[in-house]
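The values are calculated or read from the model by the stated rules, or taken from the named source; none is laboratory data. Since this is a predicted model, take the numbers as computed values, not measurements. Note that each Cβ is placed from the backbone with ideal geometry, even for glycine, and that neighbours are counted across all protein chains shown.
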Amino acid sequence: MYAYDETLTIHGIKVAFVPDIITPTIEKPMRKGKYEKGEVEIMRAILQPGDRLLELGAGVGVVSSAAASVEGVEAVLSIEADPNLVPMIKETWRLNGIETAELRNGVAMAKAGDPVKFYIRDNYWASSMEPDSRPYSRIEEVPSAGMDALFQEFRPTVLSCDIEGGELGLLDEVDLSGLRHIVMEVHPKVYGQEGLRKIVEMLGAKGFLPSPDTKPDSSVKRFDRVLVEGKMIEGAALPRRPYRPWGAEAPRILIPTCMKNEGPFILEWIAWHRAVGVTDFLVFTNDCTDGTDKLLDRLDDMGIVRHMANPALGSDATNFQPVALRYLPYTREMREVDYVISMDVDEFINIRVGEGRFEDLFAVTGEFDVLSMSEINHGSNNKLAYERKWVTEAYPGHQSTTPGKQKAHRGVKSITRLSPRVNAIRNHRPDVSQNLGQAIWRDGSGRARPGFLKDPEMNGWDCRGAYDLVSLDHFPLRSLECFLVKMHRGDVVVADKSVSNRYWRTRNNNGETSSDLTRFGALARKEYDRLLTDPTLASLHEACCTAHEARIASLAGVKEFEERKKWIFSEAWDGEIPEAYRQPTSEAAE
């Protein structure tokens, strides 16, 4: 052992101050209590009685000493490649009375084999198996320690890995089912963002997701195994379910949405999206008066949707949609699906490749974490009265898909693959971590669009050239009568907020019909007709349509709505009330 005259105390662990080992570069963070702080805190938080820690890269023995000092930890096995550190680690253990730890000199490898070259540098923490990143003082031949053999022999329950870039590919072929947690210091400067992405994807495929407790800017990442003995780990990251990598067969796709008084339009929307490949619907409602809630209850009974009261009810919250999306991770639906799309009942996903299904879209986009679909607003098409017709057929006219630069900004809704990088779902886009390997964000033409990663407040972008593969066809107005009912209902996102004149003006565009939804109509109609074979559902749908018509009739002559009509006439029809609208509000209302 090296001679020394002083000991340092780091996080309660005594360490011999040996200047040949603890150079000024590392001495400073040690004396300030920053050295290995994250690793020590994590170990003390996650280790339990009976745990067995396998440590790859032991440093001077601080982390292993802290781990072995946790009451009930059964054993610690440390693998350290630098032979100079072996006596230093043993002295640290001696100073702290550690008796349950074992130390081996070796380089952690996917498979055991011949001795390998290890490049020694003045600062021990920079020594590694790669020679090119910085100068080294000498080369040591070090035994290789194969992960497969180590796991079979030692049977670890927790893994700590800090091996200066050697983690890439290290665990790819190892059975990790006995582990509960992995604590890994990542080194993207060695293998790049793509290498980091491969590590995160590999761990996700093996059931390990990033812990929400990990500090975003820390290079030390904690990964939690989602299921242990069939139960979810408390506090596991979103989504809390075994992660399936890109390309998994038969993906489950969830649409969570909020509804209020949308009864006449629900079945078309459900039928359409079931036909394109959506497997799960989670609908939150509040204060429905037109039978929407009853219709959704029946769909829930049939196993078509899951209908829940909005979690904002019973509280002082008035931001219904954000509250529902924050609640989303606590639902079974969220835990069990592969993709999530937060969208509304007046929006239709129009897949323009293959047969128009998600499997056709995924086949041509290439891997992504998020694909954001640019909206196309369909106007009223100069329709005044509500008709019991399909929205996708009744309002073909829409805004331009090739706008000039000044009008090119459009909102989006996002197909979010629940990769380990996704932190939270929001209405237009998810929150995505940027330090778990470069996230892949695409637009509706499959192009990489990293702008949303740079600005978390972005909800839309330049739509030019973004419609080749998929669009989000939006029917925010429908007919004038439907718009007035929407005005009466209020905003489904925020209570006591009504649609404005500007809402109509900016969305009532009818000049183009290039976004054709009729191509997929036959398949959607088949599913629609199948749903209506249920007599109870058919009766509830009829009741919703009747309630919608009754609401239209009740608004006739009401000052606020008459003034809105006059303003709309001045905007859309140059102030002239069309002859058809001088008749009773609608034929159905008579």
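How many residues are farther than 14 Å from H541 by Cα, in contact (Cβ under 8 Å) with a residue 12 or more places away in the chain and not β-branched (V, I, T) when one looks only at segment 247-287?
Filtering segment 247-287 down to residues farther than 14 Å from H541 by Cα leaves 247-260, 272-287.
Subsequent filtering for residues that are in contact (Cβ under 8 Å) with a residue 12 or more places away in the chain retains 247-248, 251-260, 272-287.
Within this subset, residues satisfying the condition of being not β-branched (V, I, T) are 247-248, 251-252, 254, 256, 258-260, 272-275, 277, 280-282, 284, 286-287.
Looking only at that region, the number is 20.
Any residue at all in segment 447-455 that's surrounded by fewer than 16 Cβ atoms within 10 Å (Cβ to Cβ), modelled with pLDDT of 95 or more, in contact with a Gly (Cβ under 9 Å, 6 or more places away or on another chain) and within 30 Å of P210 (Cα to Cα)? Talk me through it step by step, then tell me what you get.
To start, the set of residues in segment 447-455 that are surrounded by fewer than 16 Cβ atoms within 10 Å (Cβ to Cβ) comprises 447-448, 450-451, 454-455.
Still in the list and also modelled with pLDDT of 95 or more: 447-448.
Add one more test, that the residue is in contact with a Gly (Cβ under 9 Å, 6 or more places away or on another chain), and what stays is 447.
Subsequent filtering for residues that are within 30 Å of P210 (Cα to Cα) retains 447.
Among the residues of segment 447-455, at least one is surrounded by fewer than 16 Cβ atoms within 10 Å (Cβ to Cβ), modelled with pLDDT of 95 or more, in contact with a Gly (Cβ under 9 Å, 6 or more places away or on another chain) and within 30 Å of P210 (Cα to Cα), which makes the answer yes.
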Being touching a helix residue (DSSP H, G or I) at 6+ places or on another chain (Cβ under 9 Å) and modelled with pLDDT of 95 or more is true for just one of A588, A572, A543, A556. Which residue is that? A543
Return the residue satisfying two criteria in turn: it lies in segment 300-329 and is in a helix (DSSP H, G or I) and among the hydrophobic types (A, V, I, L, M, F, W, C), and of such residues it is farthest from the chain's Cα centre (by Cα). F320
Kindly state which helices (runs of 4 or more DSSP H) lie completely within segment 500-575 and contain at least 2 residues that are touching an Asp or Glu at 6+ places or on another chain (Cβ under 6 Å), assigned by TED's automatic domain parsing to the domain that holds S374 and crowded, with 19+ Cβ neighbours inside 10 Å. 535-555
All-but-one check, V305 against (1) of a type in the set (V, I, T); (2) over 28 Å from C463 (Cα atoms); (3) surrounded by fewer than 22 Cβ atoms within 10 Å (Cβ to Cβ); (4) modelled with pLDDT of 95 or more, failing number (3)
What is the number of the single condition among (1) more than 30 Å from F520 (Cβ to Cβ); (2) in a strand (DSSP E or B) that I349 does not meet? (1)
Name every residue in segment 19-71 that is modelled with pLDDT under 95 and among the hydroxyl-bearing types (S, T, Y), in order of residue number. T23, T25, Y35
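Across segment 356-399, what is the number of residues that are assigned to a loop (DSSP other than H, G, I, E, B) and of a type in the set (G, A, S)? Before you say what the answer is, go through the steps one by one.
Step one: of segment 356-399, the residues assigned to a loop (DSSP other than H, G, I, E, B) are 356-357, 366-369, 379-390, 395-397, 399.
Checking which are of a type in the set (G, A, S) leaves us with 356, 366, 379-380, 385, 397.
The qualifying residues number 6.
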Selected residue (criterion: surrounded by the most Cβ atoms within 10 Å (Cβ to Cβ)) from residues of segment 134-165 that are within 25 Å of V18 (Cβ to Cβ) and in contact with a helix residue (DSSP H, G or I) (Cβ under 9 Å, 6 or more places away or on another chain): S160
Residues (under 23 Å from I349 (Cα atoms) and within 9 Å of the chain's Cα centre (by Cα)) located in segment 400-425: T416, R417, L418, S419, V422, A424, I425
Output the residues belonging to segment 241-285 that are part of a loop (DSSP other than H, G, I, E, B) and under 16 Å from I304 (Cα atoms). R252, G277, V278, T279
Residues (in contact (Cβ under 8 Å) with a residue 60 or more places away in the chain and over 35 Å from the mean Cα position of the chain (by Cα)) located in segment 17-59: V18, I21, T23, T25, I26, G59
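When you scan segment 67-86, do you find a residue that is touching a His at 6+ places or on another chain (Cβ under 9 Å), part of a helix (DSSP H, G or I) and at negative phi, even just one? Explain how you work it out, then say what you get.
At the first step, the residues of segment 67-86 found to be touching a His at 6+ places or on another chain (Cβ under 9 Å) are none.
No; the residues of segment 67-86 include none that is touching a His at 6+ places or on another chain (Cβ under 9 Å), part of a helix (DSSP H, G or I) and at negative phi.
Can you tell which of L85, L77 is of a type in the set (A, V, I, L, M, F, W, C), surrounded by 15 or more Cβ atoms within 10 Å (Cβ to Cβ) and within 37 Å of the chain's Cα centre (by Cα)? Walk me through it before giving the result.
On the way: L85 fails: within 37 Å of the chain's Cα centre (by Cα).
None of the others qualify; the one that does is L77.
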Within segment 465-524, considering residues that are acidic (D, E) and at pLDDT 95 or above, the one nearest to C258 (Cα to Cα): D473
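Is there a residue being assigned to a loop (DSSP other than H, G, I, E, B) and either in contact with an Asp or Glu (Cβ under 8 Å, 6 or more places away or on another chain) or not assigned by TED's automatic domain parsing to the domain that holds S69 (or both) anywhere in segment 26-38?
The answer is no; no qualifying residue exists.
Taking segment 22-39 only, how many residues are of a type outside the set (S, T, Y) and surrounded by 20 or more Cβ atoms within 10 Å (Cβ to Cβ)?
3
Report yes if some residue within segment 365-372 is in contact (Cβ under 8 Å) with a residue 12 or more places away in the chain, touching a Leu at 6+ places or on another chain (Cβ under 7 Å) and surrounded by fewer than 21 Cβ atoms within 10 Å (Cβ to Cβ); otherwise report no.
First, pick out the residues of segment 365-372 that are in contact (Cβ under 8 Å) with a residue 12 or more places away in the chain: 365-372.
From the residues that got through so far, the ones that are touching a Leu at 6+ places or on another chain (Cβ under 7 Å) too are 365.
From what is left, the residues that are surrounded by fewer than 21 Cβ atoms within 10 Å (Cβ to Cβ) are 365.
There is at least one residue in segment 365-372 that is in contact (Cβ under 8 Å) with a residue 12 or more places away in the chain, touching a Leu at 6+ places or on another chain (Cβ under 7 Å) and surrounded by fewer than 21 Cβ atoms within 10 Å (Cβ to Cβ).
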